[in-house]
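Structure first, then comments.
The values are calculated or read from the model by the stated rules, or taken from the named source; none is laboratory data. Every value quoted in this text rests on a predicted model; they were computed, and no experiment measured them. Neighbour counts are summed over all protein chains in view; Cβ atoms, including those assigned to glycine, are modelled from backbone coordinates with ideal geometry. Protein only, heavy atoms only, side chains kept; ligands, DNA and RNA dropped before computing areas. Shrake-Rupley method; radii C 1.70, N 1.55, O 1.52, S 1.80 Å.
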Amino acid sequence: MWDRVFLRKPRQELPTWIERGWVPREGGEAILDEVTARANLARFTPVAFAMLGALALGTGVILFFAANWQEISRLLKLLVLFGAMWTAYAAGAYALSRPTATLHRLAQALLLLAVLLFGANIMLIAQMYHMDRHYPNAILLWSLGALAVAFLARSQPAAVVAIAIGTLWSGTEIFEYKQVLHWPFLPLWFALAAICVRSGWRFATGVAMTGLIIWSLMVVFSWFWSSSAWWGGITDVAEVSYVIGIFLLVYAAIFIAVVAADETDLLGRAGLVIERFAAFGALLAFYGFGRRFVLGLDQYNFDRVQASGGWILATVIATAAVIGLLVWLRRARRDVAAHRPEMFGWALFALTVAMLAANLFIGAEDPSLVWLFLAANLLYFIVTVWLIYAGYRRGDGFWVNLGFAFFAAGLVTLYFDAFWTLTGRSYFFMGGGLLLLVGGYALERQRRRLMRGMGGAEHDRGTL
Amino acid sequence: MRPGLGIAVAAGLQTLALVGMIGTQQYTLNQGTPILLETEPIDPRSLFRGDFVILNYAISDVPRSLPGGDQEWERRDPAHVVLEPGEKYWVPVSIHRERPVIDSGHVAIKAEVIYVGVQSRWDNDTREMVSGDPVIHVRYGIETYFVPEGEGRAIERPADGETIDIQAAVDRFGNAAVKAVLVNGKPLYEESLFR
């Protein structure tokens with residue numbers, strides 16, 4: 001064990017030694033870091049034992065009640081359930097009232113425990129009173145309870161739980177109850193995202209954006225499945241490409257809106273998180289759009305139909321929103337000359353809109369469908385290369401890595417998309433495999449060279 | 001808002017939500033119209049899940065031949081089934097999408113369409129499922145009942161000569177709740193607030 005006096009001495013003396021030049025600044029800082037880490041380790045051991053002990057005790061108490069649950073009267077059960085929840089909240093409130101940072105962290109853990117107990121209470125009360133109606137409502141209630149704690153108690157862990165449970169709620173409504181486009185998720189999501197952004201919670205904001213992307217994927221997948229006879233054929237599988245196109249525009253709009261808001265630092269620390277997740281969502285939609293089975297080109301071909309007025313209107317509205325935001329962004333940056341990557345991005349966006357518009361009007365048996373497939377994938381790869389270049393120019397490794405990742409994903413998928421039905425498949429697999437091995441190695445080397453070339457500097461806000 | 005006050009408000013809201021769950025159930029039990037429902041043996045090939053009973057009712061299969069009401073149904077559609085008292089048990093009269101205006105002495109119970117197909121019944125003599133009339137199979141939210149461990153099987157599959165009936169309550173909003181499980185007319189389990 002480290003002697004507390006030995007730990008205190010370097011902390012007290014080192015600043016003086018550095019100032020007098022006896023110890024180099026870098027060496028002095030390294031010594032202080034080492035000493036501090038060991039001191040924390042020394043304090044960590046009893047804390048770890050205490051946590052393990054508390055965990056074991058808590059588990060024992062829970063198991064005791066579980067073993068005797070049926071013998072306990074309903075009144076006592078309710079007292080136990082409510083008592084446990086209130087105790088967690090009271091302990092959390094007390095810990096939060098103390099000035100110590102450690103106790104504040106403990107308070108967040110206790111609030112998280114209380115939120116989890118609330119969920120358990122919902123399920124246990126439903127069991128006790130034989131409530132068996134629309135069960136997703138119980139999940140929604142849990143999410144709303146967690147939202148209340150996130151907002152009223154400023155608890156990031158509660159916000160994360162609320163988002164996760166809210167996404168689960170939407171998933172049950174979508175897949176169990178065929179709510180293919182489950183709109184009620186969005187107001188809940190907006191409320192949670194607003195709380196996260198206002199509080200400056202970067203992790204919870206990331207979880208919120210992840211939840212939105214997962215919800216988008218669930219909507220797309222359910223659109224596929226709901227076209228089947230088993231689901232009742234309530235949608236047309238040919239519409240999946242229209243859904244994906246709208247999601248592409250929506251995520252692009254979110255990205256541009258956040259970049260524009262960033263000019264006035266409206267979103268604070270959370271803005272960068274939203275920006276990057278929105279870009280990921282847009283790229284994911286772009287990736288999905290160019291797939292053979294989405295455009296109706298695969299061996300299980302379905303009859304494509306020209307889009308109805310509703311789909312055209314929805315796409316026009318989404319496009320108008322993106323254009324409006326781009327104009328707003330340009331006006332916010334009127335003092336900044338548009339550099340070439342940005343102007344090229346505008347051109348790519350225009351081509352993307354043209355591609356989505358063409359998709360709305362191509363029906364079955366139209367030879368233009370093959371050209372649309374080729375154009376979509378070519379444009380996709382150009383966008384990923386543009387991202388890599390723009391990220392390199394801006395010195396932001398995130399965009400470089402994102403571009404590389406989607407480039408590689410598109411390449412692998414396109415390989416299987418394009419060559420799956422050709423004869424002499426084995427030769428193409430061998431050739432393609434060699435290409436992937438060599439190409440993958442070359443891509444990785446290029447990526448690392450670009451990253452080194454950016455000097456490992458701090459990433460800026462990554463606006464393109 | 002001070003954090004402590006915020007936590008107290010959040011805890012209070014959650015407590016209200018939980019009390020509300022219990023309160024709405026008790027409202028249905030206390031204020032609802034009591035009805036007696038006939039249960040039917042479940043398919044023994046279904047798994048008995050833990051210590052709760054899966055209840056299957058005669059009114060779970062609403063005949064498509066019933067006059068009145070709506071005719072086109074799909075899985076997971078919400079519905080309202082109108083029941084009237086029969087000789088002993090309540091029986092379905094019609095099934096509707098929207099809650100209908102009902103006559104005195106009838107109840108309209110909320111339901112969810114599970115499937116539209118042919119009625120299947122368990123035949124105790126031949127020990128197999130047999131097909132019957134076209135029906136709309138619905139779920140009322142009273143198909144599960146939690147019992148002490150080990151006691152559920154006897155309710156799901158009663159012995160010869162034993163009848164298992166369910167006394168339920170249906171409130172004016174169409175919500176149903178199980179009031180009592182009756183074996184040969186005598187209550188085996190009865191619901192109350194704290195028992």
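In the range B:100-121, how many residues are open to solvent by 50 Å² or more (accessible area, probe 1.4 Å), within 14 Å of chain A (Cβ to nearest Cβ) and farther than 23 Å from B:A177 by Cβ? So that I can check it myself, show each step before the final result.
Going through the range B:100-121, the residues open to solvent by 50 Å² or more (accessible area, probe 1.4 Å) turn out to be B:101-104, B:110, B:115-116, B:118, B:120-121.
Still in the running and within 14 Å of chain A (Cβ to nearest Cβ): B:110, B:115-116.
Filter once more, keeping what is farther than 23 Å from B:A177 by Cβ: B:115-116.
Count: 2.
Could you say which residue among A:L79, A:L111, A:L124 is farther than 25 Å from A:L188 by Cβ, assigned to a helix (DSSP H, G or I) and either within 33 Å of the chain's Cα centre (by Cα) or without any contact (Cβ under 8 Å) to a residue 24 or more places away in the chain (or both)? Break it down stepwise before answering.
Details: A:L111 fails: farther than 25 Å from A:L188 by Cβ; A:L124 fails: farther than 25 Å from A:L188 by Cβ.
When all the criteria are applied, what remains is A:L79.
Quick check on my filter: what residues within the range B:162-195 are of a type in the set (S, T, N, Q) and either open to solvent by less than 10 Å² (accessible area, probe 1.4 Å) or in a loop (DSSP other than H, G, I, E, B) (or both)? Explain how you work it out, then say what you get.
Filtering the range B:162-195 down to residues of a type in the set (S, T, N, Q) leaves B:163, B:167, B:175, B:184, B:192.
Of everything in the range B:162-195, those that are of a type in the set (S, T, N, Q) and either open to solvent by less than 10 Å² (accessible area, probe 1.4 Å) or in a loop (DSSP other than H, G, I, E, B) (or both) turn out to be B:T163, B:N175, B:N184, B:S192.
Which condition does A:S143 not pass, out of (1) within 30 Å of B:D77 (Cα to Cα); (2) surrounded by 19 or more Cβ atoms within 10 Å (Cβ to Cβ); (3) within 10 Å of chain B (Cβ to nearest Cβ), if it passes all the others?
(3)
Specify which of the listed residues (A:G281, A:G268, A:G211) is in contact (Cβ under 8 Å) with a residue 24 or more places away in the chain and surrounded by fewer than 21 Cβ atoms within 10 Å (Cβ to Cβ).
Numbers: A:G281 fails: surrounded by fewer than 21 Cβ atoms within 10 Å (Cβ to Cβ); A:G211 fails: surrounded by fewer than 21 Cβ atoms within 10 Å (Cβ to Cβ).
The match here is A:G268.
Tell me, which helices (runs of 4 or more DSSP H) wholly within the range A:144-240 include 3 or more residues that are in contact with a Pro (Cβ under 6 Å, 6 or more places away or on another chain)? Let's see the steps before the verdict.
Details: elements: A:156-176, A:185-199, A:202-225.
Of the helices (runs of 4 or more DSSP H) lying wholly inside the range A:144-240, those with at least 3 residues that are in contact with a Pro (Cβ under 6 Å, 6 or more places away or on another chain) span A:156-176.
Filter the range A:159-172 down to residues that are buried (at least 21 other Cβ atoms within 10 Å of the Cβ) and not β-branched (V, I, T), then give me how many there are. Quick ask: steps written out before the conclusion?
Quick first cut of the range A:159-172, residues buried (at least 21 other Cβ atoms within 10 Å of the Cβ) only: A:159-163, A:165-167, A:169-170.
Now drop any that are not not β-branched (V, I, T), which leaves A:159, A:162, A:166, A:169-170.
Number of matching residues: 5.
Of the residues in the range A:163-205, how many are touching a Gly at 6+ places or on another chain (Cβ under 8 Å) and within 14 Å of chain B (Cβ to nearest Cβ)? Outline the logic, then answer.
Just the residues of the range A:163-205 that are touching a Gly at 6+ places or on another chain (Cβ under 8 Å), to begin with: A:163-167, A:178, A:185, A:188-189, A:192, A:197, A:200.
Next, from what is left, pick out any that are within 14 Å of chain B (Cβ to nearest Cβ): A:165, A:178.
Residues meeting the conditions: 2.
Looking at the structure I just gave you, is A:F151 of a type in the set (A, V, I, L, M, F, W, C), more than 26 Å from A:R292 (Cβ to Cβ) and surrounded by fewer than 18 Cβ atoms within 10 Å (Cβ to Cβ)? It would help to see each step written out before you state the result.
Numbers: of a type in the set (A, V, I, L, M, F, W, C): yes; more than 26 Å from A:R292 (Cβ to Cβ): yes; surrounded by fewer than 18 Cβ atoms within 10 Å (Cβ to Cβ): no.
Against the criterion (of a type in the set (A, V, I, L, M, F, W, C), more than 26 Å from A:R292 (Cβ to Cβ) and surrounded by fewer than 18 Cβ atoms within 10 Å (Cβ to Cβ)), A:F151 does not qualify.
Could you count how many residues in the range A:99-140 are facing chain B (nearest Cβ under 9 Å), among the basic types (K, R) and more than 30 Å from B:A180 (Cβ to Cβ)? Reasoning before the result, please.
Within the range A:99-140, the first condition is being facing chain B (nearest Cβ under 9 Å), and the residues that meet it are A:107, A:111, A:114-115, A:118, A:121-122, A:125-134, A:138.
Going one step further and asking which of them are among the basic types (K, R), we end up with A:133.
This time we only want the ones that are more than 30 Å from B:A180 (Cβ to Cβ), so: none.
Looking only at that region, the number is 0.
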